[in-house]
Amino acid sequence: MRMRFGLAAVAAISTLAWSAPGHSDTWPSRTITFVVPSSAGGGLDSLSRTLASEMGKQLGQTIIVDNRPGAVGMLGTQLVARAKPDGYTVLVTHSAPLLNAPFLFSKMSYDVRRDFTYVSELFAGSLVLAVGKDVPASNMEEFLAWAAQNKGKVSYGSFGVGSLGHLMGAYLSQTKGLYMTHVAYKGEAPMVQDLVGGQVQWAIASVGSLAPHIAAGKLRAIAVLGDRRKEALPNVPTMAEAGLRDNEYKPFGWVGMLVPAGTPPEIVARLEKTARIAVGSTVMKARFQVFGMEPVASTQAEFLQDFERTAPMVERMVKISGAKAE
């Protein structure tokens, strides 16, 4: 399946109004649900709960988090695509089920353009490549040498088929001829648990999820993704500093907020405004520091522009990596 993003077309779709007289005037009059397509206990789950609390204070309503992991986030994303467009079911998701999945799966149960209104790109991920304590490597050169000596015997974990960790792992394996095995999990938390336990040898995952285990000596950080080092891991080099300078090792993932297409534009606008204020709050900034995340808080238009800019890069990466999903 190929996507072609026309900004004007997507914007037009995103502003279609579903309304009954007075419907949006009374919103929100009951509990709002944030559907989070990842398992409880991971970085996205924790940040989503803090975001729900901060936005709930502004809106004067309780916001609950409903974790729906599975199929690289597609299960939870599908639930929101089919939800009533009334502002009470909101998707808070990593980018994989929207940005990556269409290039990996031949069949999908939702359309990333038709079925959603893009509200705001909330924050950007901060990722690190880490190895288990039994892997005899403390830097990239040693890690690649060890993997080359163990071709076909090394496995890496990710929080789902088509996730950023999967794509980058497949790209590394393919371009270096390492024949590594991908092991997909239903969320980041169980993947990290198996990485610590030695069931997989390495993974690319969020700084927030891995940093405590790195500090405890249960894992070793090899390199962080991005153009600069991370505050939580100041002594860990970037991928470029470690010798991997391909553009594919630069993170393109994000966490965004979406609602079903047809949600009244005035509700979408209020969600956007409230989310942007919440992301800039002192409480959220403190949580970002813990998890090594970077706040974005974009407008609807900026979110769509970034989506359109990034999609072709993801398509190229999927082709180069050879990653497939069914």
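Data table
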quantity	calculated
Test set (1) part of a helix (DSSP H, G or I); (2) within 20 Å of Tyr156 (Cβ to Cβ); (3) of a type outside the set (Phe, Trp, Tyr) - Ala242 fails condition number	(1)
Condition check for Phe303: in contact with a Leu (Cβ under 8 Å, 6 or more places away or on another chain) and either at pLDDT 95 or above or outside the structural domain of His213 (by TED's automatic domain parsing) (or both)	no
Which numbered condition Asn235 fails, given (1) free of Cβ contacts under 8 Å to residues at least 12 places away in the same chain; (2) closer than 22 Å to Ser38 by Cα	(2)
Subset of segment 255-286 [among the β-branched types (Val, Ile, Thr), part of a helix (DSSP H, G or I) and over 19 Å from the mean Cα position of the chain (by Cα)]	Ile267, Val268, Thr274, Ile277, Thr282, Val283
Any chance Lys84 is out of contact with any Lys or Arg (no Cβ under 9 Å at 6 or more places or on another chain), at pLDDT 95 or above and not assigned by TED's automatic domain parsing to the domain that holds Met168	yes
Options Gly292, Gly280, Gly322; residue that is modelled with pLDDT of 90 or more, of a type in the set (Gly, Ala, Ser) and either in the same structural domain as Pro85 (by TED's automatic domain parsing) or surrounded by fewer than 20 Cβ atoms within 10 Å (Cβ to Cβ) (or both)	Gly280
Out of Thr62, Thr50, sole residue that is without any contact (Cβ under 8 Å) to a residue 60 or more places away in the chain, among the β-branched types (Val, Ile, Thr) and closer than 17 Å to Leu271 by Cβ	Thr62
Helices (runs of 4 or more DSSP H) (entirely within segment 87-177) containing at least 3 residues that are buried (at least 18 other Cβ atoms within 10 Å of the Cβ) and in contact with a strand residue (DSSP E or B) (Cβ under 9 Å, 6 or more places away or on another chain)	164-176
Residue in segment 29-44 that is nearest to Met108 (Cα to Cα), counting only those that are modelled with pLDDT under 95 and surrounded by fewer than 22 Cβ atoms within 10 Å (Cβ to Cβ)	Ser39
Sole residue being of a type in the set (Lys, Arg) and touching a Leu at 6+ places or on another chain (Cβ under 7 Å), chosen from Lys218, Lys151, Lys186	Lys151
Residue match in segment 236-256 (condition: over 19 Å from Leu127 (Cβ atoms) and either at pLDDT 90 or above or surrounded by 14 or more Cβ atoms within 10 Å (Cβ to Cβ) (or both))	no
Any pair with Cβ under 8 angstrom, 6 or more apart, that starts in segment 189-211 at a residue that is under 23 Å from Asn67 (Cα atoms) and surrounded by 23 or more Cβ atoms within 10 Å (Cβ to Cβ) and ends at one that is modelled with pLDDT of 95 or more and among the hydroxyl-bearing types (Ser, Thr, Tyr)	Ala203/Tyr156; Ile204/Tyr156
Some residue of segment 178-187 being at positive phi and surrounded by 18 or more Cβ atoms within 10 Å (Cβ to Cβ)	yes
Test: residue in segment 254-271 that is farther than 30 Å from Thr26 by Cα and touching a Leu at 6+ places or on another chain (Cβ under 9 Å)	yes
Answer residue from segment 210-235, given it is modelled with pLDDT under 85 and part of a loop (DSSP other than H, G, I, E, B) and is nearest to Val290 (Cα to Cα) among those	Ala232
Selection within segment 219-235 - over 21 Å from Met317 (Cβ atoms) and surrounded by fewer than 16 Cβ atoms within 10 Å (Cβ to Cβ)	Arg228, Arg229, Glu231, Pro234, Asn235
Checklist (1) farther than 25 Å from Arg309 by Cβ; (2) without any contact (Cβ under 8 Å) to a residue 24 or more places away in the chain applied to Arg287, failing item	(2)
Residue match in segment 66-82 (condition: in a strand (DSSP E or B) and closer than 18 Å to Pro260 by Cβ)	yes
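The values are calculated or read from the model by the stated rules, or taken from the named source; none is laboratory data. Quantities reported herein were computed from a predicted structural model and do not represent experimental measurements. Cβ sites come from the backbone with ideal geometry, for glycine too, and all protein chains shown count toward neighbours.
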